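First up is the structure itself, then whatever we jot down about it.
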Amino acid sequence: MYLPFEELNEQDDTLDVCIIGSGAAGMSIAVTLARQGHQVLLCEGGDEVFSERSQDSYRGEVVGDTYIPLETSRLRYLGGSTNHWGGVSRSLDAYDFTGKTAAPETVWPIGQEALTPYLRAATELLNLDPIPADEPVVSSGFNRIHFSLGTPVRVQHKYAEMLEASPHLICCLTANLVALETENGRITSATFANYQGETHTVHARYFVLACGGIDNARLLLWCNQQTNGQLIPHAETLGRYWMEHPHATVGQALLFKPEALGLDKEYNVFLSPNEQSITAREILNCGLRLHRMSPEATQALIDELGLQAPSLGELISKWQTQGRILHGVMLRASWEQEPRFENRIELTEEPDALGIPRSRLVWQQSPLDRHTIRESLLLLGEYLLEEDVGRVQLADWLAALPVTLPTDGELAGRHHMGGTRMSHTPEDGIVNSDCRLFGQDNMYVAGSSVFPSSGHANPTLTLVQLALRLCDHLEQRLTSA
């Protein structure tokens, strides 16, 4: 049921879990625990629909590489960024959880096997189609990979009836977290404010922060500052190791035998380097997207290649005379970014309307990030050349060394990861393998901000798997106490 903000502090005696944030992670935990019969309060800082007053809290600064304005990269109202999510998804690869040769800090304190039991429930929760298994492309160093491309879920609509009628799930809108109180390693209360300046304090057995890949860090930085470091005693990595998935058009290719990559007239193809290639070429993970060109664009590519390599042009002309069908493809990519201490969320001096300092994102791609995308394209080019099944033409910005990243176009996937990373020890991260804050017995963080590394896959499915795993952990604690 929905609860007016002015009645928020009347729930103190009955709450099992207070969840802060109603996006994919927060809503997944709320509906799952409520279905199990636990009393759940879901606090959303925004309204039921988009509003400028709520969205303005996301406005901030960017320092470093060109990036998307922070206030346009996500949504701040009921359902969070699932309200503009495209529905493209897959889980992280098994080797994304391990320390890669080129960047050992990519290791997670858990393996993929810890999340596999939650895959089916997560796909159902997100309305995802079943995702076929990856298939090796023989002799290429790549796997052909697959994404769910189903109708994107809007969690506020999917769970509208439950939000209205569940006796176990209470939803309060315009409830913005502004403070946390801690005593003896436990959160004793959370204070929320609305846009009229009213505040209310909430008590619960457990708290879960699920405000996204920037605000999880921002709110913890602010609350830790207010408690003089008692909330997170080891805060060296708080806000640090922030990551994105750089996106760009990286070139084009002409395929002489498109069936070698599984391309036909009906389907685009997705590829990623296999674990052996990642290790041998000392790169990170990368997703290449081969999008079919129109016949007109394909012919333009053929003409261009003919000018650059006349002997190849003569052979192609002969094939066309014989009626052979060639496919041109546009090459786009989303690649893994190295987790680096220097990339971070920090607080500015300017407060938002609620009095909380705004975010500053310090973000730059590293030489390893550039090496990863260039080597991935060279690997594809070498395969097509050696097998004589096609040719790759790198984008100008990628062909020359040193690589100069584009400053326009898509730039990134709006996939905010890191900042409250998961680790074995409080010296290396902010939450443990159960997503619990080090030093606080009853406070958890949900969402992609806990990712120690990112792989190349869209993070939504993996973060919901993590959220459902956290539900099992909380269920055990709630029922054993």
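The values are calculated or read from the model by the stated rules, or taken from the named source; none is laboratory data. Please read these numbers as outputs of a predicted model, since none were measured by experiment. Positions of Cβ are backbone-derived with ideal geometry, glycine not excepted, and every protein chain shown enters the neighbour counts. Accessible surface is based on the protein model in full, side chains and every heavy atom, while ligands, DNA and RNA are left aside. Shrake-Rupley method; radii C 1.70, N 1.55, O 1.52, S 1.80 Å.
Worth a mention:
- When every residue of segment 230-239 is checked against the conditions, at least one turns out to be buried (at least 19 other Cβ atoms within 10 Å of the Cβ), of a type outside the set (D, E, K, R), at pLDDT 95 or above and more than 25 Å from the chain's Cα centre (by Cα).
- A Cβ distance below 7 Å, combined with a sequence gap of six or more or placement on separate chains, defines the contacts here; from segment 289-305, residues that are over 15 Å from ARG391 (Cβ atoms) reach residues that are of a type in the set (Phe, Trp, Tyr) in the pairs ARG289/PHE270.
- Residue within segment 416-425 that is part of a helix (DSSP H, G or I) and surrounded by fewer than 23 Cβ atoms within 10 Å (Cβ to Cβ) present: no
- Residue within segment 25-44 that is without any contact (Cβ under 8 Å) to a residue 60 or more places away in the chain, out of contact with any Cys (no Cβ under 8 Å at 6 or more places or on another chain) and part of a loop (DSSP other than H, G, I, E, B) present: no
- Within segment 5-54, the set of residues being more than 21 Å from VAL178 (Cα to Cα) and open to solvent by less than 50 Å² (accessible area, probe 1.4 Å) comprises ALA24, SER28, ILE29, VAL31, THR32, LEU33, ALA34, GLY37, HIS38, GLN39.
- Take the conditions (1) under 21 Å from GLY45 (Cβ atoms); (2) within 28 Å of the chain's Cα centre (by Cα); (3) of a type in the set (Val, Ile, Thr); (4) modelled with pLDDT of 95 or more; VAL155 misses just one of them, which is (4).
- Of the residues making up segment 1-40, those that are at pLDDT 95 or above, hydrophobic (A, V, I, L, M, F, W, C) and within 19 Å of ARG436 (Cβ to Cβ) number 9.
- Residue identified as hydrophobic (A, V, I, L, M, F, W, C), closer than 30 Å to THR98 by Cα, open to solvent by less than 70 Å² (accessible area, probe 1.4 Å) and part of a helix (DSSP H, G or I) among ILE278, ILE283: ILE278
- Look at segment 199-219: where a residue is in contact (Cβ under 8 Å) with a residue 60 or more places away in the chain and more than 12 Å from TYR444 (Cβ to Cβ), no partner that is assigned to a strand (DSSP E or B) and of a type in the set (Lys, Arg) sits 6+ places away or on another chain with Cβ atoms under 6 Å.
- Output for segment 66-85, where each listed residue is under 14 Å from the mean Cα position of the chain (by Cα), open to solvent by less than 30 Å² (accessible area, probe 1.4 Å) and among the hydroxyl-bearing types (Ser, Thr, Tyr): SER73, THR82
- Residue satisfying all of: in segment 296-342; touching a strand residue (DSSP E or B) at 6+ places or on another chain (Cβ under 9 Å), open to solvent by 60 Å² or more (accessible area, probe 1.4 Å) and not in a loop (DSSP other than H, G, I, E, B); farthest from PHE256 (Cα to Cα) among these: GLN308
- Members of segment 344-366 found to be buried (at least 21 other Cβ atoms within 10 Å of the Cβ) and in a loop (DSSP other than H, G, I, E, B), listed by number: ILE356, GLN365
Every residue, every condition in (1) at negative phi; (2) in contact with an Asp or Glu (Cβ under 9 Å, 6 or more places away or on another chain); (3) of a type in the set (A, V, I, L, M), yes or no:
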residue: LEU15; (1), (2), (3): yes, no, yes
residue: VAL31; (1), (2), (3): yes, no, yes
residue: GLU48; (1), (2), (3): yes, no, no
residue: SER57; (1), (2), (3): yes, yes, no
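- Residue match in segment 369-380 (condition: closer than 18 Å to GLN337 by Cα, among the hydrophobic types (A, V, I, L, M, F, W, C) and surrounded by 16 or more Cβ atoms within 10 Å (Cβ to Cβ)): yes
- Filtered residues of segment 426-446 (kept if open to solvent by 10 Å² or more (accessible area, probe 1.4 Å) and either in contact with a Leu (Cβ under 7 Å, 6 or more places away or on another chain) or among the charged types (D, E, K, R) (or both)): GLU427, ASP428, ASP434, ARG436, ASP441
- Taking the numbered list (1) surrounded by fewer than 21 Cβ atoms within 10 Å (Cβ to Cβ); (2) out of contact with any Pro (no Cβ under 9 Å at 6 or more places or on another chain); (3) touching a residue at least 12 places away in the same chain (Cβ under 8 Å); (4) of a type in the set (Asp, Glu) in turn, GLU105 passes all entries but (2).
- Qualifying residue in segment 471-481 (condition: of a type in the set (D, E, K, R), touching a residue at least 40 places away in the same chain (Cβ under 8 Å) and crowded, with 24+ Cβ neighbours inside 10 Å): no
- Cβ separations smaller than 6 Å between residues 6+ apart or across chains give the following pairs from segment 312-341 residues that are without any contact (Cβ under 8 Å) to a residue 60 or more places away in the chain to residues that are among the small types (Gly, Ala, Ser) and surrounded by fewer than 23 Cβ atoms within 10 Å (Cβ to Cβ): GLY313/GLY306.
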